[in-house]
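The block underneath contains the structure these notes are about, expressed in structure tokens.
The values are calculated or read from the model by the stated rules, or taken from the named source; none is laboratory data. Model, not experiment: these values are computed from the prediction. Glycine also receives a Cβ, built like all others from the backbone with ideal geometry; neighbour counts cover every protein chain displayed.
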Amino acid sequence: MRHWGLALCVVLALAGCARKKDLIPTGGSRADGTVDLSYELGLYEKPVLDPEKGLIIARQRCAAWGYTGAEAFGGEKRQCQAFYGGDCIRWFVTMTYQCLGANKPT
């Protein structure tokens, strides 16, 4: 029975842990009407994102630039931030949102 407990611990460790991640504005372009939101992701972490919160942040940034809305492009771009033994152990993940509506000069 003790072996089952050890096996369960190993499986849970390998499965990773779900972690809430906040999307932070990290870039974009007023002229192109894009907003980049990012988060960091460690090895074995499974991100839990709030897509609605990300959309709200992108809409606010777009509104500050004179656009009327925003939508997610879909997908993500990952950049490795740290290597160990040839494997990436820390990622910087970026999602891009497109501003919508006319860009009115402010």
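Taken over region 61-106, residues that are under 18 Å from Ser29 (Cα atoms) and in contact with a Gly (Cβ under 9 Å, 6 or more places away or on another chain) amount to 23. Evaluate the following for Gln79: is it modelled with pLDDT of 95 or more and exposed (fewer than 12 other Cβ atoms within 10 Å of the Cβ)? Yes: the conditions hold for Gln79.
Please verify whether region 64-75 includes one or more residues that are aromatic (Phe, Trp, Tyr), surrounded by fewer than 16 Cβ atoms within 10 Å (Cβ to Cβ) and in contact with a Ser or Thr (Cβ under 7 Å, 6 or more places away or on another chain).
Narrowing region 64-75 to residues aromatic (Phe, Trp, Tyr): 65, 67, 73.
Subsequent filtering for residues that are surrounded by fewer than 16 Cβ atoms within 10 Å (Cβ to Cβ) retains 73.
The next check asks that each one be in contact with a Ser or Thr (Cβ under 7 Å, 6 or more places away or on another chain); those that pass are 73.
Yes.
Only residues that are surrounded by fewer than 17 Cβ atoms within 10 Å (Cβ to Cβ), closer than 11 Å to Leu37 by Cβ and over 12 Å from the mean Cα position of the chain (by Cα): list them for region 50-59, please. Passing the criteria: only Ile56. The set of residues from region 66-99 being among the hydrophobic types (A, V, I, L, M, F, W, C) and touching a residue at least 40 places away in the same chain (Cβ under 8 Å) comprises Cys88, Ile89, Trp91, Phe92, Val93, Met95, Cys99.
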